[in-house]
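K.L.:
Take this structure first; my questions come after.
The values are calculated or read from the model by the stated rules, or taken from the named source; none is laboratory data. The structure displayed is predicted, hence computed values, not measured ones. Please note: Cβ atoms are built from the backbone with ideal geometry, for glycine as well, and neighbour counts cover all protein chains shown. Protein only, heavy atoms only, side chains kept; ligands, DNA and RNA dropped before computing areas. Shrake-Rupley method; radii C 1.70, N 1.55, O 1.52, S 1.80 Å.
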Amino acid sequence: MKKYKAVLQILENNNLFGSDFKSICRLLSSELDLTLAEIKTIFLQLENKKQILLSGNKVCKGELFSANLIENMDILCGQSDSRKLAGSIVKKNGKYLFLPIDYKFGVMPIDVNDDVLKNVGKRCCCNIVTDENGKSKAVFEKVFGYVADPITENEAIAFSKGFSAEFSPEILREVENIPQSVLPSERQGRLDLTDKFLITCDPASCKDKDDAVYAEKQDFGYRVYVAIADVSHYVKSGSLVDKEALKRGTSCYLGSGVYPMLPQNLSNGICSLNEHEDRLSLVSIIDIDYRGNVLDYKFAKAVINVHQSFCYEEMEKLYLLKNNIDSKYKEAKPVVDTLYHITDILENKLDQRGALKFISNEPEYKFNEDFDKVLEIKNQGNERSHTVIEQLMILANEVTAQFFKDNNLYGIYRTHSIIDESKLAKFNSILTELKIKYKLGNSSQQVNKFLKYIKGNLMEEFLQAELQKTFSKARYNFEQGNHFGLASKGYTHFTSPIRRYADTTAHRIISEVLSKQATLKSGEPVEQSLDYKDIKIICDHLNEREKAENDAERLSDKFLASLWAEDHIGQTFEGMIYKFARDALVIKKDAIFIEIPYFILNDNGKHKFVMTQDKLGMVDCNTYKKITIGDKFAFQIGKVDKVNYTIFGYPQEEKTLTE
């Protein structure tokens, strides 16, 4: 059990900050039954989070110490003190070993006990502990089931990254009595927007609908309504469900299912903006001119009613229809047309300021009825309806950042740094090696010109992937900063509080301001409950959780691709040479990656491929055939490694190597 909260409470309640290390250790050992080694470990983690400062032989308050967050300190400090990995237990040469799915971690010894002995070959999760000499070993934690079972695999991946479909009985009891309809008392003091023809547009399988949109023409341009589920009304700060939401940080979507941040009666129930049901909402009402410039905005607590729910494909079809509109959609049609027109305006404005325009390579899966087979994997649809929602969410998120700035608030900002100069130089050297006469500069406008320049090039996808490696990751930050990818001077996350804790926090900040402003004199500043220390440490935690969610998605995508490949062994497909890895040629087909080991490529001496000097191609010394990144490549699926989710293939010579 984590002791961070208890340690900080003792230090704060007994005014021990500034006291000497030895006397504090004696007290903590007595009060909490901790060993000296355990106390040192806790102190190092608290110092890492800047909650304490070890100065000489004294324990002082750290730069980010916050009494507000002591209650959550086990969550904020405890996430990173051990590492969990999903994998399987194997027995080799009489020894029991743990083989992680993510093979970059390598095989490692495992502490043997009865659980290990009876679960050899099964998918499990282990804690990875490292001794003082830097050697790692696995400690069994939980078994999930048999390898290659879809439910087992995704549950193991999710659990290893701190996500679960389950919630504790205590949390479920806390939320079970939350009404599943809006109460009369909850309507008081809220704007009634139920007459506005708000619509939602989400994937067909979506059950947790965060956002609804509507717009109407005005003399000055358009008034846009972005209505977001008022999650913070139901998830009270400091409640059990709030602590669990903070711990998870985000929902995790793994192809065939979701591991939610909130229990279902909230995420799919009263918080979800379901069709024809009144819902509580925090609404951003934004006035824009015909060029997309924001003229005015305000936030309001409201009651809304979604008049029509669409999936992306459905809304796209309605927009493209000019005649013979089904009576079911007649009221929605003019709303949809207006939203599409506004999207053209907003997108043009983003283009002018230099927002990046990468091709989306998000995979989309089609399953059978039992969800145990993947029938099809393709890149996510490019319907214009995706862009409609995306542009309106960007607009609302930027206005939220402006609200923080206008009211001198500490907020959770989303920042994205410019390209690292050393990485940019490396990328330009790749262009030189590929004989592409282009030198990329460090601005979003320059990046967009380059993306346009390579459009249609056989190496376009490879070059995009290499270019994206030069970017830093977008991060949560307590200080406002630029967002390079969006060419934005201020950006945050406001529009998805059902699935992101950052957005829930943004809602709390806005709601607090709206409540307090009603009782303050004009121009009087609002005193925030959360100060910059609280927000800074929450941001650091959410950045860690976002990385965990990305890692889980990456592993799940590999698994689902391997599941698809299992049903296509022996079949021939055409893909594109994506890269030359250390041991294998990597082929990409849609969102699927296939490895062809070099010894198979050489076919027992029939071919003798060697890497070109620039490492971006290979030449067969026997036939002088050259293959390079971006080339079409026919392959046959050979076998699937179910343990590491790796798909192996064979080249189809008559179609590829002898042309």
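K.L.:
Restricting attention to region 111-144, and to residues there that are of a type in the set (A, V, I, L, M) and more than 31 Å from the chain's Cα centre (by Cα), which single residue is nearest to Phe559 (Cα to Cα)?
P.N.:
Val120
K.L.:
Kindly provide the set of residues from region 365-386 that are open to solvent by 30 Å² or more (accessible area, probe 1.4 Å) and either under 27 Å from Thr470 (Cβ atoms) or part of a loop (DSSP other than H, G, I, E, B) (or both), ordered by number.
P.N.:
Going through region 365-386, the residues open to solvent by 30 Å² or more (accessible area, probe 1.4 Å) turn out to be 365-373, 375-376, 378-380, 382-384, 386.
Within region 365-386, Asn368, Glu369, Asp370, Phe371, Asp372, Lys373, Asn379, Gln380, Asn382, Glu383, His386 meet the criteria.
K.L.:
Hey, Thr130 hits all of (1) at pLDDT 90 or above; (2) loosely packed, with under 14 Cβ neighbours inside 10 Å but one; which does it fall short on?
P.N.:
(1)
K.L.:
Just checking, how many residues over region 240-262 are open to solvent by less than 20 Å² (accessible area, probe 1.4 Å) and either over 21 Å from the mean Cα position of the chain (by Cα) or more than 13 Å from Ile498 (Cα to Cα) (or both)?
P.N.:
Residues meeting the conditions: 1.
K.L.:
For residues that are among the β-branched types (Val, Ile, Thr) and under 30 Å from Lys558 (Cβ atoms), tally how many sit in region 145-190.
P.N.:
Start the filter on region 145-190 by keeping residues that are among the β-branched types (Val, Ile, Thr), which leaves 147, 151-152, 157, 171, 175, 178, 182.
Imposing the further condition that a residue be under 30 Å from Lys558 (Cβ atoms) reduces the set to 147, 151-152, 157.
Total meeting the criteria: 4.
K.L.:
Cβ-Cβ distance below 6 Å, separation of 6 or more or different chains: which pairs start in region 488-517 with a residue that is open to solvent by 40 Å² or more (accessible area, probe 1.4 Å) and end on one that is assigned to a helix (DSSP H, G or I)?
P.N.:
What qualifies is Arg508/Ser232.
K.L.:
Next up: Pairs under 6 Å by beta carbon, first residue at positive phi in region 207-221, partner surrounded by fewer than 21 Cβ atoms within 10 Å (Cβ to Cβ) and not polar (S, T, N, Q), six or more apart or different chains?
P.N.:
Gly221/Asp289; Gly221/Tyr290
K.L.:
Right, something else. I'd like to verify a number: residues in region 303-315 that are in a helix (DSSP H, G or I) and open to solvent by 30 Å² or more (accessible area, probe 1.4 Å), how many?
P.N.:
Looking only at region 303-315, we keep the residues that are in a helix (DSSP H, G or I), and these are 312-315.
Filter again for open to solvent by 30 Å² or more (accessible area, probe 1.4 Å), leaving 312-314.
Residues meeting the conditions: 3.
K.L.:
Do any strands (runs of 3 or more DSSP E) lying entirely in region 580-626 carry at least 2 residues that are open to solvent by less than 20 Å² (accessible area, probe 1.4 Å) and under 24 Å from Glu553 (Cα atoms), and which ones are they? Break it down stepwise before answering.
P.N.:
Working: elements: 584-589, 592-597, 609-611, 617-620.
Strands (runs of 3 or more DSSP E) meeting the threshold: 584-589, 592-597.
K.L.:
Which pairs turn up if I take residues in region 421-446 that are open to solvent by 60 Å² or more (accessible area, probe 1.4 Å) and look for partners that are of a type in the set (Asp, Glu) and not in a helix (DSSP H, G or I) with beta carbon separation below 7 Å, at least 6 apart in sequence or on another chain?
P.N.:
Final answer for the pair search is Glu433/Asp614.
K.L.:
How many residues does region 197-217 hold that are open to solvent by less than 10 Å² (accessible area, probe 1.4 Å) and part of a loop (DSSP other than H, G, I, E, B)? I'd like the intermediate steps shown before the answer.
P.N.:
Just the residues of region 197-217 that are open to solvent by less than 10 Å² (accessible area, probe 1.4 Å), to begin with: 198-201, 210, 212-213, 215.
Add one more test, that the residue is part of a loop (DSSP other than H, G, I, E, B), and what stays is 210.
Counting residues in region 197-217 that are open to solvent by less than 10 Å² (accessible area, probe 1.4 Å) and part of a loop (DSSP other than H, G, I, E, B) gives 1.
K.L.:
State all residues of region 263-302 that are hydroxyl-bearing (Ser, Thr, Tyr) and crowded, with 17+ Cβ neighbours inside 10 Å; if no residue qualifies, say none. Steps first, answer last, please.
P.N.:
If we filter region 263-302 for residues that are hydroxyl-bearing (Ser, Thr, Tyr), which is where we start, we get 267, 272, 281, 284, 290, 297.
Matches in region 263-302: Ser267, Ser272, Ser281, Ser284, Tyr297.
K.L.:
Looking at (1) open to solvent by 20 Å² or more (accessible area, probe 1.4 Å); (2) of a type in the set (Gly, Ala, Ser); (3) in contact (Cβ under 8 Å) with a residue 40 or more places away in the chain, find the lone condition where Ala401 falls short.
P.N.:
Only one criterion in (1) open to solvent by 20 Å² or more (accessible area, probe 1.4 Å); (2) of a type in the set (Gly, Ala, Ser); (3) in contact (Cβ under 8 Å) with a residue 40 or more places away in the chain is unmet by Ala401, namely (1).
K.L.:
If I go through region 148-178 residue by residue, how many of them are open to solvent by less than 40 Å² (accessible area, probe 1.4 Å), part of a loop (DSSP other than H, G, I, E, B) and closer than 30 Å to Val374 by Cβ?
P.N.:
Residues meeting the conditions: 6.
K.L.:
Continuing with the same structure: In this structure, is Phe559 closer than 15 Å to Tyr476 by Cβ and either at pLDDT below 90 or in contact with a helix residue (DSSP H, G or I) (Cβ under 6 Å, 6 or more places away or on another chain) (or both)?
P.N.:
Taking the combined requirement at face value, the residue does not satisfy it.
K.L.:
Between residues in region 374-388 that are polar (S, T, N, Q) and residues that are modelled with pLDDT of 90 or more, which pairs lie under 7 Å by C-beta distance while being six or more apart or on different chains?
P.N.:
Qualifying pairs under 7 Å: Ser385/Cys201; Ser385/Tyr312; Ser385/Met315; Ser385/Glu316; Thr387/Thr343; Thr387/Glu347.
K.L.:
Could you tell me whether any residue of region 563-574 is in a strand (DSSP E or B) and within 32 Å of the chain's Cα centre (by Cα)? Show your work before the answer.
P.N.:
Here is the first cut: in region 563-574, the ones in a strand (DSSP E or B) are 572-574.
When the remaining residues are screened for being within 32 Å of the chain's Cα centre (by Cα), the result is 573-574.
Within region 563-574, one or more residues are in a strand (DSSP E or B) and within 32 Å of the chain's Cα centre (by Cα).
K.L.:
Moving to a separate point now. Tally up the residues in region 539-583 that are aliphatic (A, V, I, L, M), touching a residue at least 40 places away in the same chain (Cβ under 8 Å) and farther than 19 Å from Pro150 by Cβ, please.
P.N.:
Adding up the residues that qualify gives 4.
K.L.:
Filter region 431-462 for residues that are within 25 Å of Asp590 (Cβ to Cβ) and among the hydroxyl-bearing types (Ser, Thr, Tyr) and give the result.
P.N.:
Tyr453 - this is the single residue of region 431-462 that is within 25 Å of Asp590 (Cβ to Cβ) and among the hydroxyl-bearing types (Ser, Thr, Tyr).
K.L.:
Failed condition for Ser237, given (1) modelled with pLDDT of 95 or more; (2) closer than 30 Å to Asp406 by Cβ; (3) open to solvent by 10 Å² or more (accessible area, probe 1.4 Å); (4) not in a helix (DSSP H, G or I), with all others met?
P.N.:
(1)
K.L.:
Separate question: Could you list all residues from region 1-53 that are open to solvent by 70 Å² or more (accessible area, probe 1.4 Å) and over 25 Å from Ile537 (Cα atoms)?
P.N.:
Within region 1-53, Lys22, Arg26, Ser30, Glu31, Asp33, Thr35, Leu36 qualify.
K.L.:
Can you say whether Lys58 is touching a residue at least 40 places away in the same chain (Cβ under 8 Å), touching an Asp or Glu at 6+ places or on another chain (Cβ under 9 Å), among the charged types (D, E, K, R) and buried (at least 17 other Cβ atoms within 10 Å of the Cβ), as far as the supplied structure shows? Break it down into steps so the answer makes sense when it comes.
P.N.:
Values: touching a residue at least 40 places away in the same chain (Cβ under 8 Å): yes; touching an Asp or Glu at 6+ places or on another chain (Cβ under 9 Å): yes; among the charged types (D, E, K, R): yes; buried (at least 17 other Cβ atoms within 10 Å of the Cβ): no.
In short, no.
K.L.:
Here's something else I'd like to know. How about region 518-537: which of its residues are open to solvent by 10 Å² or more (accessible area, probe 1.4 Å), closer than 16 Å to Glu63 by Cα and not basic (Lys, Arg)? Give the steps one after another, and end with the answer.
P.N.:
Within region 518-537, the subset open to solvent by 10 Å² or more (accessible area, probe 1.4 Å) is 518-533, 536.
Subsequent filtering for residues that are closer than 16 Å to Glu63 by Cα retains 530-533, 536.
Passing the criteria: Leu530, Asp531, Tyr532.
K.L.:
Considering Ile454, Ile412, Ile418, which residue is more than 26 Å from Met315 (Cβ to Cβ), surrounded by fewer than 18 Cβ atoms within 10 Å (Cβ to Cβ) and among the aliphatic types (A, V, I, L, M)?
P.N.:
Details: Ile454 fails: surrounded by fewer than 18 Cβ atoms within 10 Å (Cβ to Cβ); Ile412 fails: surrounded by fewer than 18 Cβ atoms within 10 Å (Cβ to Cβ).
Exactly one of Ile454, Ile412, Ile418 is more than 26 Å from Met315 (Cβ to Cβ), surrounded by fewer than 18 Cβ atoms within 10 Å (Cβ to Cβ) and among the aliphatic types (A, V, I, L, M), namely Ile418.
K.L.:
Could you please find all residues in region 218-234 being open to solvent by less than 10 Å² (accessible area, probe 1.4 Å) and under 16 Å from Pro497 (Cα atoms)? Walk me through it before giving the result.
P.N.:
Applying the first criterion (open to solvent by less than 10 Å² (accessible area, probe 1.4 Å)) to region 218-234 yields 221, 224, 226-231.
Residues satisfying the conditions are Val226, Ala227, Ile228, Ala229, Asp230, Val231.
Here is a yes/no grid of residues against (1) acidic (Asp, Glu); (2) part of a loop (DSSP other than H, G, I, E, B); (3) farther than 28 Å from Leu542 by Cβ; (4) under 26 Å from the mean Cα position of the chain (by Cα):
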{"position": "Lys405", "(1), (2), (3), (4)": "no, no, no, yes"}
{"position": "Ile430", "(1), (2), (3), (4)": "no, no, yes, no"}
{"position": "Phe450", "(1), (2), (3), (4)": "no, no, yes, no"}
{"position": "Gly456", "(1), (2), (3), (4)": "no, yes, yes, no"}
{"position": "Gly481", "(1), (2), (3), (4)": "no, yes, no, yes"}
{"position": "Gly485", "(1), (2), (3), (4)": "no, yes, no, yes"}
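K.L.:
Give Thr646, Thr623, Thr628 a once-over and let me know the one that is in contact (Cβ under 8 Å) with a residue 40 or more places away in the chain and more than 30 Å from Ala148 (Cα to Cα). Before the answer, list the steps.
P.N.:
Numbers: Thr646 fails: more than 30 Å from Ala148 (Cα to Cα); Thr623 fails: in contact (Cβ under 8 Å) with a residue 40 or more places away in the chain.
Result: Thr628 is the single residue among Thr646, Thr623, Thr628 that is in contact (Cβ under 8 Å) with a residue 40 or more places away in the chain and more than 30 Å from Ala148 (Cα to Cα).
K.L.:
If Glu313 satisfies every condition in (1) in contact with a strand residue (DSSP E or B) (Cβ under 8 Å, 6 or more places away or on another chain); (2) charged (D, E, K, R); (3) touching a residue at least 40 places away in the same chain (Cβ under 8 Å) but one, which is the exception?
P.N.:
Among (1) in contact with a strand residue (DSSP E or B) (Cβ under 8 Å, 6 or more places away or on another chain); (2) charged (D, E, K, R); (3) touching a residue at least 40 places away in the same chain (Cβ under 8 Å), the lone unmet condition for Glu313 is (1).
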